[in-house]
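Inspection log for the structure reproduced underneath, given as C-alpha cells.
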Amino acid sequence: MKKASFILLVAATSWCTEAQAQRQSHGSPNVSLGLKAGASLTSYTGADAGLASYRFGFHAGLFANIGLTSLFAFQPELLYSQKGFNFTNNNDAALRFHYVDVPLAFHVNAGGLFFEAGPQVGFLVAAKSQLGSASTDVKNSFNTVDFGYLFGLGYQVKQGLGLGLRYNGGFTNVPKSLTVGNTTLQSRQRNSAFQVYLTYSLRGR
C-alpha cells in the first residue's frame, strides 16, 4: 500500500507539472498562492482503534492553486497538522501527533464552489503521550511517514477569502510493528481527521 501510494503521488505531481507547462506554452497560466488555517477533529480508525475518541487540533499552511482548465485545478499544499486522540477509558490520557502534511488535491470547480479529492503524505515530527500534566516522547514507537487520502468541498476564489470542509484518511498504520520471537504484531490503527478551514488566496500570475 505504501508503494502504491508513493507511485500515485509521483504520477499525480508529474501529470500536473506537464499540464501546467502546456498551459504556460499557450500563454495562459492561471496560478494563485494562498494561506489556510483551521480546526481539526482527529482520532484513529481501524480494527484496533476501539479505545480512541476524538480530540481537537489545529492545522495551517500554504497552498498553490494551479488552474488546468476552467473546470479542473490542482492544489498542492504544505501544512502543519496536529493529530492524535483521547483514550475513551481515561479522560486525562491522550496521544498527540505533530505532522508536516503534503496534500495533493484535485479540484473540480463550479464557479467558486469546488469538490476535491487526492492523495496525501504526512511526515511525523513529534509524538507525545500525555497523562494528566505529564508528557512523554513516544515518537520512536510510530511510523515516520503516513500515506493517506483526502476528499472534501468548499468555496474558494482566485483572490480573497474562502472556506472548506475536508476529510483525511490514512492508508498507513500509525504504530510501528512489533516483533516478538518469530511473530510480528501490527496494530491496525490509522489516522482520521475531519477539518474545517479558512483560506486567503493571492493572485499569482
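Put in order of Cβ neighbour count within 10 Å, fewest first, the listed residues Ser177, Ser81 become Ser177, Ser81. Under the criterion of Cα pairs below 8 Å and six or more residues apart, the relative contact order for the range 2-203 equals 21 percent. Phi angles across the range 69-81 convert, under the Karplus curve 6.51 cos²θ - 1.76 cosθ + 1.60 with θ = phi - 60°, into 3J(HN,Hα) values of 9, 5, 9, 10, 9, 10, 10, x, 9, 10, 10, 8, 9 Hz, Gly and Pro given as x. Each part reduced to its alpha carbon centroid, the range 134-193 and the range 50-116 end up 10 Å apart. When its C-alpha radius of gyration is set against 2.2 N^0.38 Å (N residues), the range 2-203 gives a value of 1.12. Applying the Karplus relation 6.51 cos²θ - 1.76 cosθ + 1.60 with θ = phi - 60° to the range 152-165 yields 3J(HN,Hα) values of x, 8, x, 10, 8, 10, 5, 8, x, 7, x, 8, x, 10 Hz, where x marks Gly and Pro.
Provide the net charge surrounding Tyr44, with neighbours chosen by a C-beta distance below 14 Å and charges set as Lys +1, Arg +1, Asp -1, Glu -1.
Numbers: positive: Arg55, Lys83, Arg96, Arg188, Arg190; negative: Asp48, Asp146.
With Lys, Arg at +1 and Asp, Glu at -1, the neighbours total +3.
Taking Lys and Arg as +1 and Asp and Glu as -1, the other residues whose beta-carbon sits under 13 Å from that of Gly57 total +3. All other residues whose Cβ lies under 10 angstrom from that of Ala127 are scored, Lys and Arg at +1 and Asp and Glu at -1, for a net of +3. Fraction of C-alpha pairs exceeding 15 angstrom in the range 133-205: 70 percent, rounded to a whole number. Sequence-ordered 3J(HN,Hα) estimates for the range 135-148 from the Karplus curve with 6.51, -1.76 and 1.60 and θ = phi - 60° stand at 10, 10, 6, 10, 4, 5, 8, 10, 5, 6, 10, 10, 8, x Hz, glycine and proline given as x. Residues whose amide H comes within less than 5 Å of that of Phe147, counting only those at least five positions distant or on another chain, are Gly122, Phe171, Thr172 (H built at 1.01 Å from N in the peptide plane). Modelled spin-label separation between Ala126 and Leu35, with each label point placed 7 Å from Cα along the Cα-to-Cβ direction: 2.1 nm.
Where a number appears in this text, it was derived from the coordinates with a stated rule and is not lab data. These numbers come from a predicted model, not from an experiment. Counting neighbours? That spans all protein chains shown, and the Cβs are built from the backbone with ideal geometry, glycine included.
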